[in-house]
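The values are calculated or read from the model by the stated rules, or taken from the named source; none is laboratory data. Remember, it's a predicted structure, so these values are computed and weren't measured experimentally. Quick reminder, even Gly has a Cβ in these numbers, built from the backbone with ideal geometry, and neighbours come from all protein chains shown. We work out accessible area using only protein heavy atoms, side chains counted, and drop any ligands, DNA or RNA first. Shrake-Rupley method; radii C 1.70, N 1.55, O 1.52, S 1.80 Å.
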Amino acid sequence: MLCGKTVLITGASSGIGRAAAEVVAKHGANVVIAARRIDLCAEVAEQISADGGNSTYIQADVTAPSDVQAMVEHAIKTFGTIDGAFNNAGVLLDSGRIHEAEDDVLEKSWDINVRGLWLCMKTEIQAMLEHGKGGAIVNDSSRNGLRADIKRPAYTATKHAVSGLTKAAALDYARMGIRINGVCPGPIDTDMMRSVDRGDEDIRHRIESAVPLARYGKPEEVGELVAWLLSDRSSYVTGQMVGIDGGLMAS
């Protein structure tokens, strides 16, 4: 499905990003693993190699323009081009109402979830335009990019912004052969989700009970959706925010 394509993934050291890196590698892509924790990036690369895939890795902070430029240049230097990107890096910091929040929670959330995404898309798109063969970008939003949750004002605001940036960029670059979509995961079994349920089985059960499919999603299930959106099999899909939430948005 992605044979011969080069895909850059941010936040690829754990969770959805790591699973997506492993999935797209299994589908034949050359994977560029980028994250702040270089030791974990190396672990992902080792696993991909053990599974017969091809990858490289680089330490990168998406809020630093020089790091973002370096990771795109590393992809091109290593594999000759960049055909796709999964902008997955993000944080969930707030867990209270606005009047209860720390003064800087919105600023910190915005810096990574929105400004970091802006920098990544800007640099990735420029590289794709210079290459002249188009490409595909997938941004990681959230079900909170489609509707709000209680006690998540900063996270909800930033993920709505991710959805808006995705749609706006999709319109701007459609005629240039660059497709841009987003994924909107619901409760996925990751460290971020465990920060929500606090590792409490009762809380997890209550959350799962609200999901029509009655379970948390698996990170690799999101990875498969990302792989499809990056592939030519989704060639008529752009500007979409695709839910992967076990049916939550339908309920």
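At a glance:
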{"read-out": "Residues that are more than 20 Å from L92 (Cα to Cα) and open to solvent by 40 Å² or more (accessible area, probe 1.4 Å), drawn from the stretch 207-219", "value": "S209, A210, P212, L213, A214, R215"}
{"read-out": "Residue check for T156: within 14 Å of the chain's Cα centre (by Cα) and part of a helix (DSSP H, G or I)", "value": "no"}
{"read-out": "Number of the condition not met by R233 [criteria: (1) within 30 Å of L129 (Cβ to Cβ); (2) within 19 Å of the chain's Cα centre (by Cα); (3) of a type in the set (K, R)]", "value": "(2)"}
{"read-out": "Test result for T56, open to solvent by less than 40 Å² (accessible area, probe 1.4 Å) and modelled with pLDDT of 95 or more", "value": "yes"}
{"read-out": "Matching residues in the stretch 2-47 - criterion: being at positive phi and within 11 Å of the chain's Cα centre (by Cα)", "value": "G11, G15"}
{"read-out": "Set A89, A85: member being among the small types (G, A, S), surrounded by 15 or more Cβ atoms within 10 Å (Cβ to Cβ) and in a loop (DSSP other than H, G, I, E, B)", "value": "A89"}
{"read-out": "Failed condition for D61, given (1) part of a helix (DSSP H, G or I); (2) touching a Lys or Arg at 6+ places or on another chain (Cβ under 9 Å); (3) among the charged types (D, E, K, R)", "value": "(1)"}
{"read-out": "Options D67, D111: the member that is of a type outside the set (F, W, Y), open to solvent by 30 Å² or more (accessible area, probe 1.4 Å), at pLDDT 95 or above and touching an Asp or Glu at 6+ places or on another chain (Cβ under 9 Å)", "value": "D67"}
{"read-out": "Some residue of the stretch 130-146 being within 19 Å of T63 (Cβ to Cβ) and free of Cβ contacts under 8 Å to residues at least 12 places away in the same chain", "value": "no"}
{"read-out": "Boolean, I33 is farther than 20 Å from K133 by Cβ, touching a Cys at 6+ places or on another chain (Cβ under 8 Å), open to solvent by less than 30 Å² (accessible area, probe 1.4 Å) and not in a loop (DSSP other than H, G, I, E, B)", "value": "yes"}
{"read-out": "Residue within the stretch 157-177 that is over 18 Å from G17 (Cβ atoms), open to solvent by 80 Å² or more (accessible area, probe 1.4 Å), modelled with pLDDT under 95 and out of contact with any Phe, Trp or Tyr (no Cβ under 6 Å at 6 or more places or on another chain) present", "value": "no"}
